[in-house]
Amino acid sequence: MNEADTPKGTGVPAANFVRSFSKWRDEAIVKPVFIANHGRITHALISIAQLTELSHGHGGQAPDVNPFELAEWIDEAVIVCDRDLVVESMNRVASAACRLSSSQCIGRNLYETLPQLRGTLFDVHLMRTVEANESTSADIPSPLREGGWLRLQSFPLHERNVLLFRDITEEVERHRLADVKAALIEAMAVHNAIGYIRVTMSAQIERVDEPFCKLLGVREDRLRGANLVELVSRDKRVEFKSALQEAMSGEGPRRLVSSFISNGGETDDVVAAIVQLRGAYGAEGAVILLTPADISSPWGAKGEYLAKGE
């Protein structure tokens, strides 16, 4: 600490302080005495009353903070209960999730406030914490929202039981949809008569399945990155390009009969269904499904995709 930073008080050289200790001791009862060594403040002499004030007051020590007040700054629902599951604290997110104000819940038993928790997995995990002091974490069906899902954590904290949870319904549905999409694509490949193509906004092929590769007689690695429109038969190209652009611009799905150019010439007619592919930030391209126009027969022999009796 230098002279400019020194609080109001009396400064004294160390040698003078030793020689006149009794004087400076009396001075310190009124105000701090700062002791300097070679011109630099190194120590301070204060009275016991001033020390007590510094130790127990706000000077030099932050005021007490209730740690549960921090829950108001958390984006997860937080409910704090005592050992008997009487609610002691509930943050704003929990109030919104339970559709109850904190004043309606604090001081009441959790199950009286939220009877829908009884007999659910929420109840099971909470009881593990209450009865065995066990911390638990799980994704469970939500008892607060029909068809919803929660990511729940429960853990003991001294004499309290803390519940943290958040709604993950959208996340769960996204994973489920991803599983369905993967299963559908696999099913189409097994079906062996449904072509699948995914293109970018510039109509470049991002992904194709084996049936489409066999339809054209071209390997997937050679098709990837190619412009799909250029693979359409010349007499059908303008119509196909127009339908593709309309679908990708959000004008709705399109269905048309078209044909493609394969290694063996033009393919038989196929029915093309074109649907816009949307991502989190908008349109990302389109998905096209192809089936033989004559549903009673396999892909045409011109494409050399599926010969009779194969």
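Taking only Cα atoms and a 10 Å spring cutoff, compute GNM fluctuations for the chain and point out the largest among Ala286, Ala94, Ala36.
Looking only at Ala286, Ala94, Ala36, the largest GNM fluctuation is found for Ala36.
With label points built 7 Å along Cα→Cβ from the Cα atoms of Val257 and Ser137, find their separation and express it in nm.
Distance between label points: 5.9 nm.
When the helix-only estimate is applied to the chain (DSSP H runs of n ≥ 4, each -39,500 (n - 2.57), divided by the residue count), what is the mean residue ellipticity at 222 nm, nearest 500 deg cm²/dmol?
Helix-only estimate at 222 nm: -9500 deg cm²/dmol.
Show me the trypsin sites (Lys or Arg not before Pro) within the range 144-248 that DSSP assigns to loop and that have at most 14 other Cβ atoms within 10 Å of their Cβ.
Arg145, Arg219, Arg224
For the chain, modelled as a GNM with alpha-carbon contacts under 10 angstrom, which of Gly195, Gly107, Gly225 fluctuates the most?
Gly225
Would you please state the base-10 log of I(q)/I(0) at q = 0.12, 0.13 1/Å for the chain, with intensities from the Debye formula using one equal scatterer on every alpha carbon?
Treating every Cα as an identical point scatterer, log10 I(q)/I(0) equals -0.86, -0.90.
Rounded to the nearest 20 debye, what is the charge dipole size of the chain about its Cα centre when +1 sits on each Lys and Arg Cβ and -1 on each Asp and Glu Cβ?
That gives the chain a dipole magnitude of about 680 debye.
Using only the heavy atoms of the protein chains and a 1.4 Å probe, how would Val80, Val18, Val287 rank by accessible area, largest first?
My answer, sorted largest first, is Val18, Val287, Val80.
If you stretched the chain out fully between Asp84 and His158, how much longer would it get, using 0.36 nm times the residue separation minus the C-alpha to C-alpha distance?
Gain on stretching Asp84 to His158: 25.3 nm.
Could you give the length gained on full extension between Ile74 and Lys23, defined as 0.36 nm per residue of separation minus the Cα-Cα distance, in nm?
Extra length from Ile74 to Lys23 when fully extended: 12.8 nm.
What translational diffusion coefficient, to the nearest whole µm²/s, does the range 121-213 have by Stokes-Einstein, given a Kirkwood radius computed over alpha-carbon pairs, a temperature of 4 °C and 1.567 mPa s viscosity?
Rounded to a whole number, D works out at 78 µm²/s.
The values are calculated or read from the model by the stated rules, or taken from the named source; none is laboratory data. From a predicted model like this one, the values you see are computed outputs, not experimental measurements. All Cβ positions, glycine included, derive from the backbone under ideal geometry; neighbour counts span all protein chains shown. Calculation scope for accessible area: heavy atoms of the full protein, side chains included, ligands and nucleic acids excluded. Shrake-Rupley method; radii C 1.70, N 1.55, O 1.52, S 1.80 Å.
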